[in-house]
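Here's the structure, in structure tokens; my notes come after.
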Amino acid sequence: MEFIRKLPVPQDLKKQFPLDEKVHQVKEQRDREIADIFAGRDSRLLLLIGPCSADREDAVLEYMYRLARVREQVQDRLMIVPRVYTNKPRTKGLGYKGMLHQPDVHKEEDMLAGIIAIREMHSRIVRETGFTCAEEMLYPSNHRYLSDLLSYVAVGARSVENQEHRIVASGIGVPAGMKNPTSGDLSVMMNAIVAAQSVQKFIYRGWEVKTHGNPLAHAILRGYVDRFGRSHPNYHYEDLRETLELYQSNPTLQNPSVVVDTNHSNSGKRFLEQIRISKDVMHSRRVNPDIHALVKGLMIESYLEDGAQTIEEGVFGKSITDPCLGWEKTERLILELAELN
């Protein structure tokens, strides 16, 4: 390893880029509302929606302004938490790894500039739109750089078996969604939820730390891939019922909850299928009160323009990673989901 430079610790970065009292108040209020949804005290549907990767601040902010305008029409039925994912897992470890690594996609990787860029972008979103957002916890040691801004964290399908991800999720103070692994083994996901809901003691960023457990840790169903590399869904009624039975077989777990990821292996990355899948899940909730109580939300990949592109194309608001729903389809789907809830 070549040690390039020592990066600031999260505490120092937070002092250098502080948040005003209004931001703190917005986060506290939204954290309470989201917790109420997972605890069953609020009947609204959680909608985790936004780009596959937050690749450029101007396009992300434009998306957030539009999302904020739609929120005014649906906030009595939906709780919108934007996806602002700045760390992107790469199956082969190659290519664009997100804004944290590369705040300008046309320049070299720069981790210090990336850390500052993602904190500033998240801060702007809260100040200018009133949204607090969701991130994927790809690197557990990096969570503290944004811990005072985020209202939701997802642990990805390739990370959910990792013990560090599980035990750090036990101490983050906001809901932690544990995705089923790419193999589709739901017991792995359930074990991760048990670990995240439990009291843990471990080493974190050079400290010996203890957590009190995260009662809002829950399942995310994202489909799976078989040994031939073929995608298979797990959002159907029977899959939801099976997940409910797994929760029932773990009576110590608190707040049994599922979020359905409508893209990835559930859609086979056919982004337009997210519309149909979302409505299918809403139908399952409607026909079974137990499923209705279990499924707390949907995760949808959406941006300003339909589909995906290469970095070289440079289309404003079009994904440079997985394909996403464009804005017109997104707005129409949000309004329809509000009617269905």
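Pairs needed: first member in segment 255-276, touching a residue at least 40 places away in the same chain (Cβ under 8 Å) and closer than 27 Å to Pro215 by Cα; second member anywhere, in a helix (DSSP H, G or I) and not aliphatic (A, V, I, L, M); C-beta distance under 6 Å; at least 6 residues apart or different chains.
Short answer, once both residue conditions are applied: Asn255/Phe38; Ser257/Phe38; Val258/Thr243; Asn263/Gln274.
Inside segment 86-116, can you point out the residues that are part of a helix (DSSP H, G or I), farther than 26 Å from Lys179 by Cβ and in contact (Cβ under 8 Å) with a residue 24 or more places away in the chain?
Correct list: Leu112, Ile116.
Please work out which one of (1) assigned to a helix (DSSP H, G or I); (2) under 23 Å from Ile34 (Cα atoms); (3) without any contact (Cβ under 8 Å) to a residue 60 or more places away in the chain is the condition Lys279 fails and give its number.
That leaves (3) as the condition not met.
Confirm whether Pro89 is out of contact with any Asp or Glu (no Cβ under 6 Å at 6 or more places or on another chain) and either among the aliphatic types (A, V, I, L, M) or surrounded by 18 or more Cβ atoms within 10 Å (Cβ to Cβ) (or both).
When the stated conditions are applied, Pro89 does not pass them.
Taking the options Asn255, Asn266, name whichever one is surrounded by fewer than 23 Cβ atoms within 10 Å (Cβ to Cβ), of a type in the set (S, T, N, Q), modelled with pLDDT of 95 or more and not in a strand (DSSP E or B).
Result of the check over Asn255, Asn266: Asn255.
Within segment 133-153, take every residue that is without any contact (Cβ under 8 Å) to a residue 40 or more places away in the chain and under 16 Å from Met79 (Cα atoms) and give me the one that is surrounded by the most Cβ atoms within 10 Å (Cβ to Cβ).
Among them, the one singled out is Val153.
Give me the pairs: first residue in segment 1-22 and surrounded by 10 or more Cβ atoms within 10 Å (Cβ to Cβ) and charged (D, E, K, R), second residue in a loop (DSSP other than H, G, I, E, B) and modelled with pLDDT of 95 or more, beta-carbon distance under 8 Å, and six or more apart or on different chains, which are they?
Taking only residues 6 or more apart or on different chains, the pairs are Lys14/Asp148.
The values are calculated or read from the model by the stated rules, or taken from the named source; none is laboratory data. Predicted model, so just to flag it, every value in this text is computed and none were measured. For neighbour counting, all protein chains shown are included, and Cβ atoms are generated from backbone atoms with ideal geometry for every residue, glycine included.
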